[in-house]
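First the structure, in the form of structure tokens, and then the observations on it.
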Amino acid sequence: MKTSQIPFRTLREAPAEAIISSHQLMMRADLIRKLGNGLYTYMPLGLRAYRKLENIIRQELDASGAMEFKPTVVVPGDIWKESGRWDTMGAQMLKAQNRQQQDMVVSPTAEEAYTAIMKQGLTSYKQLPINCYQINTKYRDEIRPRYGVMRGREFNMMDGYSLNANDESLDETYQAYAKAYLRIFKRLGLKVIPVKADTGAMGGSGSEEFMVESPVGDDTLILCECGYAANVEKASCAKDIPLDKNGNPLAATDKPFEEIKTPGVGTIADLEKFLDCSQHSLLKTLIYKATNVSLDLSGIECCKNIKTFTEGNMTFYPEVFVAVCIRGDLDVNEAKLAGLLKASEVTLATAEEDMRITGAPVGYAGPVGLNNVPVIADNSVLNMHDFLVGANKADTHLVHVEYGRDFKVWQTADVRTAKAGDKCPVCGKPFYTSRGNELGHIFKLGKKYTQSMGVTYLDVNGKSSVPTMGCYGIGVDRVLASIIESFHDEHGIIWPMSVAPYQVAIVPIKYKDSMKEAADRLYDELSKLGIEVLLDDRDERPGVKFNDMDLMGYPVRVTIGDKNLPNVEVKLRNQSDAQLVPLEEAAAKIAQTVKAALDELNA
């Protein structure tokens, strides 16, 4: 291909809205152009890199045993109502009506579509597992799309799904995708970290994210040198012993609890100073509002009159308030809390809601005598003794409180946010943190969708059974942007050989006379050897050509000038030095360089 055949223009400066390197470089190199807020068009050179990425994903998933299928992007709203996510998915889901006033959805994800499609014709266990993937367009109406294609409104996903007869079969499929993911990212030159992750709105029993460390990452990773890795939304830590201000373990007390006045002292930090005590001796109680709770709360006395809503086969509570108790120096992990309640979202109650539930201003809530909402205690509370809590009365706290004696809770659970310095549950060493971007995610969904959408088959004994399900996703645009985040310098992109739009760029100082003849000859020889080569035939200054080729990041640049002929200058984009190679030997040597780079990535 010659540059004169490609509609492109490079920019010296990135648009002001482009903050991160990948967004800046993709815009400057004309890989993408903005059409609207969160909406980007892949230009020809960007699309070449994107298609190569797609092909690598296809090759590895096909090799793992998955099969590609192609559902529609616009799907009936009825299947989302059947699964129970029509309302719980929230405002990010773009809904519309067709001319028959039928509700439709522009797919933000495809669990419902896959389940509805694959249950057609499913009759016997002999047909399982069914394991299919798609690479398709998705749309999520992000409030603040940012970072170019890293977080756009319309984006491209590889999402695979499996129907399995049992958990053992699901685990086999799950592990096959995990291995394929590692192969995919290896071929892209990316070093990923598989981390335990929250299942979020997807539901299910377990999941892993495949993260790449990045200073602009959206996620906080909790890491240990022993290899433990988890997203902060999922990370757990080793049990620790709460200590008093002198560093001694808290001791149980026989004293009954009593009120003390704490005028204007409503925060943990203020209480620590006011009482001259350790934060380990303080228990904070936070009131949360949980939205769309699908956990059955009917056995809790204070929840018996909460209204439920049924959509399809799903019944949930649109709104539930809970109290969460946790040690004073710790923070509640809202993702863990939402997962515990099977809620689409949890948020702190407003001051008015706090007052209505506890009878006290914010900062004075406590579990003693709090009977009108379910009380959840973080596991850290189990080891606390002789501690202070809010008295559900303004400017008042209770001292000498004991868990189990003075109050009981509906449930204890790990709802603590792990942080750097906490101890690893595997080896006991301290955690450290890093920022990361999620590139892929695999879920064990269980029967959440198959049960709600009425999927059954006859098992080996001829009995009706519900299959279990897995979900496996890779954000294709995000991966492409992450490659650029990982491989660039002050001059531009440094593409890995596997996804570069072209592997070799030939740059004649002037495209005429002997330079044109040498450039055309090398172009033909490389093309016949199967090398993807771009010939810069523009009538531009050499500096402009060199800057553009560096910006676009082609792995090999060949410069042809009168002064060096019959030699040509070969320079690798990831190296500073160039070397002169006889024109007659150049094609073979360059082809060998390309092949060696691909072999290393594909090994």
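Taking Cα atoms only, the orientation of helix 167-187 departs from the longest principal axis of the chain by about 40 degrees. Karplus-derived 3J(HN,Hα) values for the stretch 419-424, using 6.51 cos²θ - 1.76 cosθ + 1.60 with θ = phi - 60°, are 8, 4, x, 5, 8, 5 Hz; glycine and proline are entered as x. Over the chain, Cα pairs under 8 Å with separation of 6+ residues give a relative contact order of 17 percent. Less than 5 angstrom separates the built amide H of residue 134 from those of 69, 159, 160, all sequence-distant by 5 or more or on a different chain. Once Rg and Dmax of the Cα atoms in Å is calculated for the structure shown, the corresponding label among (1) 29.5, 99; (2) 35.8, 123; (3) 30.0, 93 turns out to be (1). Taking the C-alpha atoms only, the angle from helix 583-602 to the longest principal axis of the chain is near 20 degrees. Computed 3J(HN,Hα) for the stretch 223-237, one whole-Hz value per residue from the Karplus formula 6.51 cos²θ - 1.76 cosθ + 1.60 where θ = phi - 60°, is 10, 9, 5, 6, x, 4, 8, 8, 5, 4, 5, 10, 4, 10, 9, glycine and proline marked x. Counting only DSSP beta bridges whose two residues both lie in the stretch 488-601, roughly 60 percent are antiparallel. Annotation: cysteines of the chain without a disulfide-compatible partner (Cβ-Cβ under 4.7 angstrom) are 132, 237, 277, 302, 303, 325, 471.
Annotation: amide H of residue 151 within the under-5 Å range of 146, sequence separation 5 or more or interchain, hydrogens built in the peptide plane. Set the Cα radius of gyration of the stretch 470-542 against 2.2 N^0.38 Å, with N its number of residues, and you get 1.50. Rounded to the nearest 10 degrees, the angle from helix 44-64 to the longest Cα principal axis of the chain is 60 degrees. Here the convex hull built on the C-alpha positions of the stretch 492-602 has a volume of 90 cubic angstrom per residue. Here the peptides 511-519, 230-238 are ranked by packing, the mean other Cβ count within 10 Å, and the order with the highest first is 230-238, 511-519. Placing +1 on the Cβ of every Lys and Arg and -1 on the Cβ of every Asp and Glu, with nothing else charged, gives the chain a dipole about its Cα centre of roughly 1020 debye. Across the options 379, 305, 333, the greatest Cα extent toward the positive end of the charge dipole of the stretch 258-413 (unit charges at beta carbon of Lys, Arg, Asp, Glu) belongs to 305.
In order along the stretch 520-534, the Karplus-derived 3J(HN,Hα) couplings, from 6.51 cos²θ - 1.76 cosθ + 1.60 at θ = phi - 60°, round to 4, 4, 5, 4, 5, 5, 5, 4, 5, 7, x, 8, 7, 10, 10 Hz, and Gly and Pro are given as x.
A simple count of charges around residue 18, restricted to other residues whose Cβ falls under 14 Å of its Cβ and scoring Lys, Arg +1 and Asp, Glu -1, yields +2. Across the stretch 22-62, the relative contact order, built from alpha-carbon pairs under 8 Å that are at least six residues apart, equals 27 percent. Percentage of Cα-Cα pair distances in the stretch 258-413 greater than 20 Å, rounded to whole percent? Roughly 48 percent, rounded to a whole number.
Taking amide H as placed 1.01 Å from N in the peptide plane, residue 321 has its amide H under 5 Å from the amide H of 290, each at least 5 places away in sequence or on another chain.
Any read-out appearing in this document is the output of simple, stated calculations on the displayed coordinates, not a laboratory observation. Every value quoted in this text rests on a predicted model; they were computed, and no experiment measured them. A quick note on method: Cβ atoms are made from the backbone with ideal geometry, for glycine too, and the neighbour counts reach across all protein chains shown.
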